[in-house]
Structure formats: structure tokens, C-alpha cells
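The values are calculated or read from the model by the stated rules, or taken from the named source; none is laboratory data. Not measured: the values here are computed from a predicted model. All Cβ positions, glycine included, derive from the backbone under ideal geometry; neighbour counts span all protein chains shown. Keep in mind that these areas ignore ligands, DNA and RNA; they rest on the heavy atoms of the full protein, side chains included. Shrake-Rupley method; radii C 1.70, N 1.55, O 1.52, S 1.80 Å.
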Amino acid sequence: MTARAPNIIFIVADDLGFADLGCYGGRDADFGKVSPVLDRLAADGIRFTQGYANSPVCSPTRFALATARYQYRLRGGADEPIGSKTRGSTVLGLPPTQPTVASLLKQAGYRTALIGKWHLGHPPAFGPLRSGYEEFFGPMSGGVDYWTHCSSTGQHDLWFGEQEQHEEGYLTDLLSRRAVDYVDRMAGQEQPFFLSLHYTAPHWPWETRDDAALAPQVKDNIFHLHGGSIHTYRRMIHHMDEGIGWVVDALRRHGVERDTLLVFTSDNGGERFSDNWPLVGGKMDLTEGGIRVPWIAHWPATIPAGSTTAQHCMTMDWSATVLDAAGVAAHPEHPLDGVSLLPVLRDPAHRFARTLYWRMKHRDQRALRDGDWKYLQVDGHEYLFDLSRDERERANLGRHDPARLAAMRADWEAWNASMPPIPADAAVNLGYSQKDMPSR
């Protein structure tokens, strides 16, 4: 690590749709702009239009984010996602022996903290403090109520380190204020810091700062199938956006904004109230709406303001980018699958070929993105799309170009053979089905 290593803040929203932000074409809410802070960060930095998540569901993407490797390489990454009922499992989690972005940065002299959602297994077998983070504040599992901070099993799930932490308040704001406190404490130190700020917003239950009274109604089913609206959903995004603004203000107050790399994304595509236009599908789908997500980077010392790029990338590439920006090498026994995007951040006109692969046990899905073309399989049906002309994946060209379809199928199968097989006991955890609401 050099003396000029940047501070790094990696912000992850939960279930945010591709077009939920104003800078990605999102509509204004009845109260005005939904995401003015993030829109400004994009305008002053770079926005990726062809960026993807490693998975269309939470915990698998987080394995890739933590390791800069395909999530399929670890057993915990096979569950779609890890369920709250697995608390105490010694199998479903991020092994402490696995090098992570946080552990590699910590070894190189960075201060490290995770504020927000972990979702990579519970202590004593797993946990943020066992995987490179010096500090942790947030929920260990997936979705939690914003007011009671209880998981879908009804158990309290807010932690400071490995001790339960009971605090009153709206979770999004608690996370934002903790992040500001962390910046305040770290900004004056000689060592750079790595802050993972992983919001649960705008994930269900559908609660804003004004909805504390809803908590008793959803305590037995925080999937909140009987509630929510686009209006509540947009307000939840706005609360998160405002908190990110508090963090940016703290960077400016301490004079470290210029030398801080701030990255923003979502763990997967949007859920029931999200806007994914012009994409089809959402969370749990390998259609574009399930995996193509916002990617914003802001680093005034390096990134030219007002930049946009169509560079193809996915979550683990950003993890590799963070290490590259810090001048930190991968562990020799755990080579990265991610590819650094640092050349693109320095010169947004720079482009390189990047082939992307996915698979899901759910609905026997597979996908491959290579240039403009996408190979997709869902429920045993195969599709071929030219995304440069058909981002909605409505015009199946498989019968018109069988040679390309066969070549891309063979490419995917060769990649899949290089990965561990999906375990027979890997779980698919769906919060609702067509009996609850009609399909998309």
C-alpha cells in the first residue's frame, strides 16, 4: 500500500431497481426528487449503464462482493439466499479462512468497518469480525424490521461486534449516523479506511420514518405481503439517499472527499415496487431486471466528472477494483475472478471485453453476456437476445441464429464445468409466490 492510498466507501442498497434513481431515468416522487444525493455523485463521477450484480438475490452477491470471486466457489453461496432459520449453521457462511477484500486491506494497513447488512452466516462459525472487519454494526441475517430490528424468525438481529445491540430508531438512519461517526473518527488518522455501508433499504418491510406503528402488524411476516406502495418505496430510497448525503458531508467537513473512492450499487435487481425500465424481471431472475443494477463511482482525485460508460462489469469486478486502487494484491492461493475497472475510472473512454456468467438453481436458470449478445435459459427454455436492440429480452433470436446459440451454450457449459456443482441440498428461499401476487 502506498502513502497515497485512498479511503474507500462501498455502499450497497438492498433490492434497488435499475431505474429507481433519478440518474438512471427514475420518475420523481410526489415529494420531489427521489435520489438527489446519488444523482449528484453520479454527475460528479461516473455512471455505468451496463453493470451487473453477481446474482439476482442477496447473499450470493455478497459472497462475491466479499471475496472478488464467483460465489459458486463457496458452499454458502449456493443457497438462494441464506435463510434466517439457518442461524447457528456451521456450513452456510463465509469461512474465516477465506481471504476477503476487508482482510486483505486490513493486512495492508487499512482500518476496516462494516456498517449494515452482513448476511454471510452467524457467529460463532462466521461473522464480519472473523473476515477482516475491525468493527461491525448491523443485522447479521437478511431482511429485518426497520423499527424492532427483528428478522423474519422474530429474533432480534441488530449487533455491535458479536454482541446484540438494542437501539431505538429507524434502521436506515441508525446505519447512516454510525457511518458518519466512523468517518469522523477515521478521517484524521494516518491510516486510510475501508467502510462497507450496506443498507437494508429499500428491502421489505415497507416502512418509512413515519411508519413505526406498522412494526407490530408485520412482526409475524416481515415480507409484508399485505402492504407497501410505490410511494412508500420511493420514500425509503429517499431516506437512504439523505443518509448518504450525511456521509458525503462528513467527508467534505474533514477535507477527505477528493481522496475517497465512493462506490454505490445494489445487491440485485428490484423487487415488487421497483422500477426496472426498460428491463424485464427482477429479484430471483436472470433476465436483465434481476441482475443489471446501478453502479456509481465518485473519486474526484481520479474520476473525470460527468462520465458515463457502457463497460460490462459485475460485483466482483468492483471488489477487484477496490484492491487495485489500494495497491493491494490478491492472496496467491485465492486468485480473483473479478477484473479491476481502475483503467475505466481513470479514462472512461477505455473499454475491454468482459464475458459474464451466471447460474441459478431457482428455475434452472443460466445466463451468459458476451458483447451485445445474451444466452439465457429459464425452466429448460433457451433464448438468445441481442441486447443492443432488445434490452427487454422479448425477441428470441435462437431459431434465427442457431449457430450462435450453440456456441454460447457451449461457452456457458465449459464455464459451468469449471465451477463446483450446485449441491443437492442448496435451498431456494422464496418469500412469496403467484398465490400472493400475479407474476411479472
Task: Net charge over other residues, Cβ less than 10 angstrom from the Cβ of V12 (K, R count +1; D, E count -1) - done: 0
Open item on the list: Which residue, A66, M186, V344, has the largest displacement toward the positive end of the dipole of the chain when charges sit on each Cβ (Lys, Arg +1; Asp, Glu -1)?
Closed with: V344
Task: Accessible area of the chain divided out per residue, in Å², using a probe of 1.4 angstrom - done: 38
Task: Nearest-20 debye value, the chain charge dipole, Cβ charges on Lys, Arg, Asp, Glu - done: 700
TODO: Check the straight Cα-Cα distances from K33 and name the lysines below 30 Å, setting aside those fewer than 8 residues away within the same chain.
DONE: K117, K283
Task: Contour excess over end-to-end distance, with Cα ends at A406 and T308 and 0.36 nm allotted per residue - done: 32.0 nm
Task: Residues D425 and A329, FRET efficiency given R0 of 41 Å [Cβ-Cβ distance, rounded to 0.05] - done: 0.70
Task: Ratio Rg/Rh [Cα only; Rh per Kirkwood] for segment 311-388 - done: 1.07
- [ ] Place a +1 charge on the Cβ of each Lys and Arg in segment 339-405 and a -1 charge on the Cβ of each Asp and Glu, then give the dipole magnitude about the Cα centre in debye, rounded to the nearest 20.
- [x] 180
Task: H226, H231, ranked by accessible area, largest first (probe 1.4 Å) - done: H226, H231
Task: Accessible surface of segment 155-291, 1.4 Å probe, proportion on carbon and sulfur as whole % - done: 48
Open item on the list: Helix check for the chain. Which DSSP H runs span at least 27 Å along their own axis by Cα, with a mean Kyte-Doolittle hydropathy no less than -0.5?
Closed with: 230-253
Open item on the list: What Kirkwood Rh does segment 79-206 have if only Cα atoms enter the pairwise 1/r average? Answer in Å.
Closed with: 15.0
Task: Descending principal axes extents, the chain, alpha-carbon based, whole Å - done: 60, 51, 46
Task: D30 paired with N416, simple spin-label distance in nm, labels 7 Å along Cα-to-beta-carbon - done: 4.7
Task: Relative contact order (percent, whole number), the chain, Cα cutoff 8 Å, 6+ residue spacing - done: 24
Task: All Cα pairs of segment 1-117, percent lying beyond 18 Å - done: 64
Task: Nitroxide proxy distance, nm - points 7 Å out along Cα→Cβ at F352 and D372 - done: 2.4
Task: Per-selection metrics, segment 92-160 (Cα): Rg and Dmax in Å - done: 12.5, 39
TODO: May I ask for the Rg/Rh ratio of segment 281-440, computed from Cα atoms with Rh as the Kirkwood radius, given to two decimals?
DONE: 1.00
